[in-house]
Amino acid sequence: MTQQGIEPGGDIALASDRPDVEAARRRAARFARRHALFGAVLLAAILLRVIAMLGFRGPLLYPDSTSYVADSVRLTPGLVRPSGYPVMLWLLGPLHSLTAVVGVQHAMGLGLGVMGYVLLRRARLPGWGATVAMVPVLLSAYAVQIEHFLVSDTLFAFLLMIAIALMMWWPDPPVWACGLTGLLLAGASLARSQGFPLLIVFLVYVLVRFVRWRTIASIVVMCVAFAIPVAGYAAWFDHVYGTFQITLSNGAFLYASVATFADCAKIEPPSAERRLCLNVPVSERAWTAYYIFSGPIRAVPGGPFGKRADTLGTSFALRAIRAQPLDYLRAAWRSFWETFLLPPSINADTIAQRVWAEAQNGYMFPAASPKLPRPYAVRTFSSYDPVGPGLHVVQPYAGWVRAYQRYIVVPGPLLGVIMLTGLGGLIVAWRRFGGPALLPWLIGVCLLVTPAAIAEFDPRYLVCIIPPLCMAAAIGIQQAAGAAKRFRAGPS
């Protein structure tokens, strides 16, 4: 009798559960159908990164990688670059695995595509349109290459995309979202210093959506949230190096940006800065980055990244810009324009083009396992990961990735088309200050202009530029299509 009493109750419970289970299955099926195309692209992106990790066991190393890992082990601020990325390495330190760091960066790369897709769908783009816009983000070999390096670019792009998502999620972002955005921008700026000018872009975006006191509160909260961690980092830097700054490399980079054209007869620098003058004719001078590490600033007491070089280099550069503004603009424009050209050959006519080609090749997955770095670098990496920094190339996976990276990229001309497409969308929506495409487009352009204005563009910077520009282009096409439809419909 007890068994009979239990069974009906059990049947009733199961019957009452079935509608919920079936409803959940139907919702899951609808979700899968709705996002099937993006799911296929995301799956391909995951597979691509898995194959890359199988073919290249261990991280790819850039000259900056050693200092990043060293700063994470000692947990000290870097002289040349802010230490946001070393802090991430320090947080991942308990894993004692550089391969795990690479895996986290690949996951961040996937996250960029997912966030971009979600934002575009929220902006009412069709699934296929949002998916196509994220193909360069998820499947470009450039992104996979940089994610495999121990460099700060992927972390920077990831934090920046979260900040973009917070601002674009609401037509008028709440105050708390603006505060969180300020924190994210501070983190991104402390990962890569090109993030500092982006605060102005975000403030402009908030300001053009002015809603009385709430906009003022949002701007104040964003600025305060940005300033607190940056000031805290500067205080830490001051405690270690005795100067309230973020780095001591600004002078060297600014000096390099003007060294290719600076004419001391026009600048008339004071005696302390004359040591930075070049007696080489402008036509025979080297490329910009050369003058950071091998030019006259290297001979300044304390080295190119000492306090004196920072002061002298900054002062000299500002004098050169004031005395030769057109030469400076021409140099910056040339660096900006070269971003949209096809990579030159290593046999190019000019040394600057050959250096650009070598830099591009330096980010590619290698054909064979590279030699270990110098002994002191090996000790640094081994203190973080007992396995050390060795990269092991494993076939056939490595061959597949190397074949892939020759063809599936975002070349300069395509990047130019993407940027201009976004600009077209802004022009169409000029009555609404460019609409939702305004923020990602301004961010992408700012990230293009800043390196060209300060030093020179580097191929690795594309990782953080492509996602916002692709979003702006997709929204721009949507805005242009809507405007064309309204024009055909005529006045109502």
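A few remarks follow.
- Over region 48-124, relative contact order from alpha-carbon pairs under 8 Å, at least 6 apart, %: 28 percent
- Using θ = phi - 60° and Karplus 6.51 cos²θ - 1.76 cosθ + 1.60, couplings along region 391-402 (whole Hz; Gly, Pro as x): 9, 10, 8, 10, 8, x, 4, 4, x, 4, 5, 5
- Extension gain, Ala44 to Ala107: 0.36 nm times the residue separation minus the Cα-Cα distance gives 21.3 nm.
- Cα Rg over Rh - region 238-285, Kirkwood: 1.11
- With every protein chain in place, region 43-198: carbon and sulfur % of accessible area (1.4 Å): 75 percent
- Long-range tail of P(r) for the chain (Cα pairs > 28 Å, %): 60 percent
- Computed over protein heavy atoms with a 1.4 Å probe, the accessible surface of region 221-292 works out to 47 Å² per residue.
- Within the chain, helix-based [θ] at 222 nm, where runs of 4 or more DSSP H residues each add -39,500 (n - 2.57), nearest 500: -22000 deg cm²/dmol
- Residues of region 29-179: accessible area per residue with a 1.4 Å probe, Å²: 37 Å²
- Placing pseudo-labels 7 Å out from each Cα toward the beta carbon at Asp64 and Asn279 gives an inter-label distance of 3.5 nm.
- Taking amide H positions as modeled 1.01 Å from N, with prolines and chain starts lacking one, the residues under 5 Å from Leu60 and 5 or more places away or on another chain are Phe149, Leu150.
- Note on Val211 and Ala299: with the Förster distance fixed at 51 Å, the Cβ-Cβ geometry gives a FRET efficiency of about 0.40.
- Within the accessible surface of region 345-439, defined with a 1.4 Å probe on protein heavy atoms only, the carbon and sulfur portion equals 64 percent.
- On Cα atoms only, tilt of 462-489 relative to the major axis of the chain in degrees: 60 degrees
- Converting phi to 3J(HN,Hα) with the Karplus coefficients 6.51, -1.76 and 1.60 and the offset θ = phi - 60°, region 321-337 yields 5, 5, 7, 10, x, 5, 5, 5, 5, 5, 5, 5, 5, 4, 5, 5, 5 Hz in sequence order, with x at every glycine or proline.
- Sites Leu341 and Ala36 - FRET efficiency at Förster radius 60 Å, r taken between beta-carbons, to 0.05: 0.95
- Solvent exposure of region 425-492 amounts to 43 Å² per residue of accessible area, where only protein heavy atoms count and the probe is 1.4 Å.
- Evaluating 6.51 cos²θ - 1.76 cosθ + 1.60 at θ = phi - 60° for every residue in region 143-153, the Karplus couplings come out as 5, 5, 4, 5, 4, 8, 8, 8, 9, 7, 5 Hz, glycine and proline recorded as x.
- Whole-percent pair-distance distribution, where bins are 10 Å wide, for the alpha carbons of region 112-262: 10, 30, 32, 21, 6, 0
- Stokes-Einstein diffusion for region 279-420 at 25 °C, viscosity 0.890 mPa s, with a Kirkwood radius from C-alpha pairs, works out to 128 µm²/s.
- When peptides 57-68, 197-208 are sorted by average Cβ neighbour count within 10 Å, with the highest value leading, the order is 57-68, 197-208.
The values are calculated or read from the model by the stated rules, or taken from the named source; none is laboratory data. For clarity, every value in this text was computed on a predicted model and none was experimentally measured. Glycine also receives a Cβ, built like all others from the backbone with ideal geometry; neighbour counts cover every protein chain displayed. The protein model used for the area step is the full one, side chains on, heavy atoms only, and it has no ligands, DNA or RNA in it. Shrake-Rupley method; radii C 1.70, N 1.55, O 1.52, S 1.80 Å.
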